[in-house]
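Remarks on the structure that follows.
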Amino acid sequence: MMIDEALKRFGVTPDEARAKVYPGTDRHRPPARLSRDEIKKLGLNELLRHFLGTARFERAKLIPNNLVALSSSNDVISGNVKQYLVRIDLRNRVITHDCDDWKKNMKSRLMCKHLGRAFLTIGRAEATAVLRRILSEKDRWTFNAP
């Protein structure tokens, strides 16, 4: 009974806690390893669900366009989503972001809704290519906070 009460305090029902967890969808698990061929077959939405999980992906889609200001130059995508900094340095393989969710999960290579919204904004082809690259080279990427 004490466990059920603790789960409720964190907004999780006992049934949700017992539910099967699929790789890449749990907010506390790093994305599952996939082969290069599997990665090539993933579309943008699948890639985002892989890095964000379903709940964060749905919240990313709810962030209004007018709260996103991004630009791209010299292999760097940078700007803001809401009041948060987003910087994706493709050449040096570094993603820098400053929200608390990102700071808690960046070691496990999970992304937050702000980064998800950034990828939804930059265009399907570019976002898909970047996410495939990050996923296939994820051990060579640095996820950090300023």
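The values are calculated or read from the model by the stated rules, or taken from the named source; none is laboratory data. In this text the structure is predicted, and so the values were computed from the model without any measurement. Neighbour counts are summed over all protein chains in view; Cβ atoms, including those assigned to glycine, are modelled from backbone coordinates with ideal geometry.
Structural remarks
- Selection status of Thr142, of a type in the set (Ser, Thr, Tyr) and out of contact with any Pro (no Cβ under 7 Å at 6 or more places or on another chain): yes
- Boolean, Asp75 is within 27 Å of Lys41 (Cβ to Cβ), out of contact with any helix residue (DSSP H, G or I) (no Cβ under 9 Å at 6 or more places or on another chain) and not polar (S, T, N, Q): yes
- Residue match in the range 128-138 (condition: among the small types (Gly, Ala, Ser) and more than 22 Å from Leu34 (Cα to Cα)): no
- Whenever a residue of the range 85-111 is modelled with pLDDT of 95 or more, its partners that are acidic (Asp, Glu), lying with C-beta atoms within less than 6 angstrom and at least six residues away or across chains, give the pairs Leu85/Asp98; Leu90/Asp75; Arg91/Asp75.
- Only a single item in (1) basic (Lys, Arg); (2) within 18 Å of Glu137 (Cβ to Cβ); (3) touching a helix residue (DSSP H, G or I) at 6+ places or on another chain (Cβ under 8 Å) is not met by Arg87, and it is number (3).
- For the range 25-52, a residue qualifies if it is modelled with pLDDT under 80 and over 13 Å from Ile134 (Cβ atoms), and the qualifying residues are Thr25, Asp26, Arg27, His28, Arg29, Ala32, Arg33.
- Residues that are in a helix (DSSP H, G or I), more than 17 Å from Trp141 (Cα to Cα), among the small types (Gly, Ala, Ser) and free of Cβ contacts under 8 Å to residues at least 60 places away in the same chain do occur in the range 36-55, at least one of them.
- Condition met for Asn66 (loosely packed, with under 14 Cβ neighbours inside 10 Å, assigned to a loop (DSSP other than H, G, I, E, B) and not charged (D, E, K, R)): no
- Residue pairs whose Cβ atoms lie under 8 Å apart, separated by 6 or more positions or on different chains, with the first residue in the range 69-82 and more than 17 Å from Cys112 (Cβ to Cβ) and the second of a type in the set (Val, Ile, Thr) and not in a strand (DSSP E or B), are Ser72/Ile122.
- The set of residues in the range 103-146 being among the basic types (Lys, Arg) and in contact with a strand residue (DSSP E or B) (Cβ under 7 Å, 6 or more places away or on another chain) consists of Arg109, Arg117.
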